[in-house]
1. Name every residue in the stretch 114-140 that is farther than 18 Å from residue 178 by Cα, under 15 Å from the mean Cα position of the chain (by Cα) and in a helix (DSSP H, G or I), in order of residue number.
2. Can you name the condition, by its number, that residue 9 falls short on among (1) more than 21 Å from residue 177 (Cβ to Cβ); (2) surrounded by 18 or more Cβ atoms within 10 Å (Cβ to Cβ); (3) among the aliphatic types (A, V, I, L, M)?
3. Being small (Gly, Ala, Ser), on the phi > 0 side of the Ramachandran plot and in contact with a Leu (Cβ under 8 Å, 6 or more places away or on another chain) is the requirement here; does residue 205 meet it?
4. Condition test on residue 143, is it within 26 Å of residue 91 (Cβ to Cβ), under 17 Å from the mean Cα position of the chain (by Cα) and free of Cβ contacts under 8 Å to residues at least 60 places away in the same chain?
5. May I ask you to list pairs of residues, at least six apart or on different chains, whose Cβ atoms are under 9 Å apart, with the first in the stretch 220-236 being closer than 16 Å to residue 83 by Cβ and of a type in the set (Gly, Ala, Ser) and the second being at pLDDT 95 or above and part of a loop (DSSP other than H, G, I, E, B)?
6. Mind checking whether some residue in the stretch 146-160 is assigned to a loop (DSSP other than H, G, I, E, B) and among the aliphatic types (A, V, I, L, M)?
Amino acid sequence: MSNSAAPILITGAGQRVGLHCAQRLLENRQRVIFTYRSERPGVQTLRDRGAIGLFADFSSEAGILAFITELKTHTDSLRAIVHNASEWLAETPEHEADEFTRLFSIHMLAPYLINLHCADLLQRSTPADIIHISDDVTRKGSSKHIGYCATKAGLDSLTLSFAARYAPAIKVNGIAPALLLFNPDDDAAYRAKALAKSALGIEPGSEVIYQSLRYLLDNPYVTGTTLTVNGGRHVK
């Protein structure tokens, strides 16, 4: 793999998959800038390892634009942008519009504006990448998480549009994972039901996303593609 003097930006890297990917990049001597919404142990862990952590609230246009302004005070170039920030919300009676607006802002407006306003940073790096972390749920929809699914599907569309817009200087791809990690309070019945949905039937952990991320960063001939990382759910 080739390392770059320009940092990689990962949004939402204070915990779980984002944290793991940021740590793995740092292990490979790649400079990292990451965003977080709340202070967690992982935020300090990344800071201690030399990463730059920036608070960001992507739930509003003002918050997104404020982050972009702050980012540009820390670097004049980027090797890649990994849009990992996400929120998991189900529809709540009488709050649907607010929830959908929030999901739209985090999953679509933030990547849209960051991609547009930070293209100049990416164009100062060769190679350069944008990677959107989507979700396998967009393949079939979700009756209980309609807004989440719809906005992640919109993110998939942004992958195609930005790939066309920025080629050949910037590759733009996506990763669409299914189940990666259980939460500590997930009971045995839920775990068994979730594992049964895929052909491989395993809880793979975060490393499979880093492997996918690494592939997209290193391969010079892939753009406009979303990698499915779902353990074979589509063949079950």
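1. Taking the stretch 114-140 and keeping what is farther than 18 Å from residue 178 by Cα, we get 114-130.
Filter once more, so that each one left must be under 15 Å from the mean Cα position of the chain (by Cα): 114-115, 129-130.
Of everything in the stretch 114-140, those that are farther than 18 Å from residue 178 by Cα, under 15 Å from the mean Cα position of the chain (by Cα) and in a helix (DSSP H, G or I) turn out to be 114, 115.
2. Going through the list (1) more than 21 Å from residue 177 (Cβ to Cβ); (2) surrounded by 18 or more Cβ atoms within 10 Å (Cβ to Cβ); (3) among the aliphatic types (A, V, I, L, M), residue 9 breaks only (1).
3. Values: small (Gly, Ala, Ser): yes; on the phi > 0 side of the Ramachandran plot: yes; in contact with a Leu (Cβ under 8 Å, 6 or more places away or on another chain): yes.
Judged against the criteria, residue 205 is a match.
4. Working: within 26 Å of residue 91 (Cβ to Cβ): yes; under 17 Å from the mean Cα position of the chain (by Cα): no; free of Cβ contacts under 8 Å to residues at least 60 places away in the same chain: yes.
Answer is no for this residue.
5. Matching pairs, first to second residue: 224/167.
6. Applying the first criterion (assigned to a loop (DSSP other than H, G, I, E, B)) to the stretch 146-160 yields none.
Scanning the stretch 146-160, I find no residue that is assigned to a loop (DSSP other than H, G, I, E, B) and among the aliphatic types (A, V, I, L, M), so the answer is no.
The values are calculated or read from the model by the stated rules, or taken from the named source; none is laboratory data. None of the values given here were measured: they were computed from a predicted structure. We place every Cβ from the backbone using ideal geometry, glycine too, and count neighbours over all the protein chains shown.
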